[in-house]
1. Can you list residues from other chains, or at least 5 along the same chain, whose modelled amide H is less than 5 Å from the amide H of TRP139?
2. Determine, from the Cβ-Cβ distance of SER147 and GLN202 and an R0 of 25 Å, the FRET efficiency 1/(1 + (r/R0)^6), rounded to the nearest 0.05.
3. Convert each backbone phi in the stretch 48-53 into a coupling constant with the Karplus relation 6.51 cos²θ - 1.76 cosθ + 1.60 (shift: θ = phi - 60°), then list the ³J(HN,Hα) values in order as whole Hz, x for Gly and Pro.
4. If amide H atoms are built 1.01 Å from N in the plane of the peptide, which residues on other chains or at least 5 residues away come under 5 Å of the amide H of ALA85?
5. Expressed in nm to one decimal, what extension gain is obtained for the pair GLN53 and SER109 from 0.36 nm per residue of sequence separation less their Cα-Cα distance?
6. So who's got an amide H within less than 5 Å of the one on LEU110, skipping anything under 5 residues away but keeping other chains? H placed 1.01 Å off N, in plane.
Amino acid sequence: MDYLERLWAENPTTVAALGVLLVCILAILSALIRARQRSRDLLAALGDSARGQVVLLRPLGLWGFEAAIQPAPEPFSQFVVRYRAAPALLAWLLRPLLYGANQLTFQASLNTRPAGELLWIRGQVPSRALGKGTELGLWVQHRLDISGSEYATRGPNPGALQHVFLDLQTRFGPILRKVSIQADAAPEMEVVVRTRGLNPEQIPALVATLRAAGRAALY
């Protein structure tokens, strides 16, 4: 104790800086432990969302996971989920390096080529798709009244897919970041959600809605 008191008396600035550094290290370690538990909770909820087995494609770590449901839930031939975790402090400090952190990315391949397509990205007008036509026809722009954003569809009868998309927005709109179902993409479906604000208990309902979107895209 005498040594610490003498050190504080002689170098108060250094001791204070070391104390702050120690607190920051402990805070980061605690956040990383919580992030790992968050990954476990999300994996467990993913396992409850379908009859298939959740298979880790990469080992579960502090920074998230990559997993697949095998066999893939109908109507998909492949269903992969990626989670990139990062404590809020690190995500803020290292934003350029941790772009896309704390998001769940669902990527799924359909058994057959989708007849209906849809593209929506938060904060963007899907201009890349608009005006470009193939044998499937031209993309058509729509306005989403729920959020005032825009999305695009393509196909002879995208009404069923639009209905599921609106349901997805109604139930998960605040955490949705991207919804893409495109015949010329590999895999055909990609949906990105922010994990902040997502309860693991919501994942089975989310996966069920993604399956409905996949079926609607095949109509």
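Values quoted throughout were computed directly from the atomic coordinates according to the rules given, and no laboratory measurement underlies them. As the structure is a prediction and not an experimental result, all values here were calculated from the model. A quick note on method: Cβ atoms are made from the backbone with ideal geometry, for glycine too, and the neighbour counts reach across all protein chains shown.
1. Under 5 Å from the amide H of TRP139: GLY131, LYS132.
2. The computed FRET efficiency comes out at 0.85.
3. Ordered by residue, 3J(HN,Hα) equals 7, 8, 8, 6, x, 8 Hz.
4. For ALA85, the qualifying residues are GLY64, PHE65, ASN102.
5. Net length gain for the segment: 18.4 nm.
6. Amide H neighbours of LEU110: SER77, GLU188, MET189.
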